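Just below is one structure, and these are the notes that go with it.
Taken together, the values in this text are just the output of simple stated rules run on the coordinates, not laboratory data. As the structure is a prediction and not an experimental result, all values here were calculated from the model. Glycine gets a Cβ as well: all are built from the backbone with ideal geometry, and neighbour counts include every protein chain shown.
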Amino acid sequence: MFGATVAAAALLALTASSTAFASWSTPQSLTVPAEATSELAVDARGDAAVAWAPVHNTDIGVSYRTSIHVTVRTADGRLLTRTVWSSKHASLGDISLVIGGGSVTVAWSSSTRSEEEGGAGTVRAAYGPLVGRWHPARVIGRMSVPAFYPPVPWVPHLAIAPDGHVLLAWSHWDGRYGRGQDERGDAVAWRTPGHPFGAPRVLPDAPGGAMPRFDAGGTAYLYGYCSSSVLSAPAQTHRFVRAGVPTTGSILGFSLSLAGVGQGLASWISGECSFDEAAGNTPGLIYDSVLSAGRFSKPVEVSPPGTAIYQSIVVAVPGGGTISWGLSGNQSAEAVSVQIGLDGQPGATHLITDETITVAADGGGDEVLASPFGWLIHLPSLPHPGPVVRPAGGGADQPAPGYEGKVAVAAPTGRAVASAWNTGPGFSRPSSTMELSVWRP
């Protein structure tokens, strides 16, 4: 009798698990060295890619990375890995990755010792088909970073449009650093499908550390963490103009999430970025502004008066969005989540303790929920379950197999989510195996 009960329970658990993971692909193992840095991307067809760089530790405790590898997982489950760059003379910086239209593009920064001493670096990129020969990595431009900066994405970042156009943005350096003739600004380079990147163009009016995004109509946007200035370029024009400045004054944590054609939600903290490591950033209240038909609305105060917020996440979906933030400067195991309406007005604040927050949404409006740990709250913790997809239009939540790790969504028009996680027993004991699973409706 006991054996029959156990068998029935096991069958029930298997059935429940199969139902919960119904739209997630069977996890596939990737051999990725322990402690390697990685980036993840997925497209609407369910093709996914992981760019990773192994970490080398010297005898004196210095870590460096000197090669980039890309593993592609095709929608039919085929895995292919290639090395796209390696160097004996330069250490790797940050990596960015996009996938779409049967092609993968990866960009990164690297620095020689002399470049590091001057606060400069080199931007490179490589691209190629899911299956087949890639074009060799090539230098796209030069970059610079301040000696200390807040959590600004001051590194190369990629975005991909629905028609496959790729936009690369980074902090530009004109080669005259340290001579009293320093001329900086953000630089961009475009790649049309089937062609290499064109010549870079410097945008002096762009916000520092500009992040690129495309909406569903192919319009490109550039925004920065410490600035309220937003630039936009209509589809296929490659010409940026000011899209409007939602607010003035000091800004911390400006972010823009897009949902639809010319639609989205911006949020920011009325604090201040600091370039003084000892002083740190100044917290403040959260505001939002609705992007409609390419224009921003009047700012709305979202957080209660008197709150001091350092970090937040904004996710736009058709019909509104969500803004979440950590409490007490990320020193608390709690977070707050607020639903935002079409008019930008916030609903009731919802305290998150053992629950999840919305951290992303794909181009179809499917929301990705995850634990606030690792997203807003940076306290030591055990690994948490993987992300949960809340399908657009209703239906049961669909939790991913495995544990929290990297998450990527198809953007700006596709419906797909990818999750990749390390199979080690904890963050302090990573293994050399990464699991990858893709969700599609």
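Between His56 and Ala235, what is the label-point separation in nm under the 7 Å Cα-to-beta-carbon projection?
That separation, rounded to one decimal, is 4.6 nm.
For region 222-362, which semi-axes, largest first and in whole Å, follow from the square roots of 5 times the eigenvalues of its Cα gyration tensor?
25, 19, 12
Can you grab the distance from the C-alpha centre of region 251-311 to the C-alpha centre of region 123-138, Å, no decimals?
Value for the Cα centre distance between the two parts: 36 Å.
Rounded to the nearest 0.05, what FRET efficiency do Thr81 and Glu35 give with R0 = 22 Å and r taken as the Cβ-Cβ distance? Could you check?
Here the calculated transfer efficiency is 0.75.
How big is region 220-289 in terms of Cα radius of gyration and Dmax, in angstroms?
Cα only, region 220-289: 13.5, 44 Å (Rg, Dmax).
At 0.36 nm per residue, minus the direct Cα-Cα distance, what do Lys298 and Thr353 gain on full extension? Give it in nm, one decimal, please.
Values: separation 55, 0.36 × 55 = 19.80 nm, distance 3.18 nm.
Additional length available on full extension: 16.6 nm.
For Arg242 and Glu277, what does the FRET efficiency come to when R0 = 30 Å and r is the distance between their Cβ atoms, rounded to the nearest 0.05?
Once the sixth-power term is evaluated, E becomes 0.40.
Looking at region 40-120, which trypsin sites (Lys or Arg not before Pro) are in a loop (DSSP not H, G, I, E or B) and have at most 11 other Cβ atoms within 10 Å?
Values: sites: Arg45, Arg65, Arg73, Arg78, Arg82, Lys88, Arg113; in loops: Arg45, Arg65, Arg78, Lys88.
Loop-located and lightly packed - Lys88.
For a quick protection proxy, order the peptides 273-279, 306-312, 417-423 by their average other-Cβ count within 10 Å, most packed first.
417-423, 306-312, 273-279
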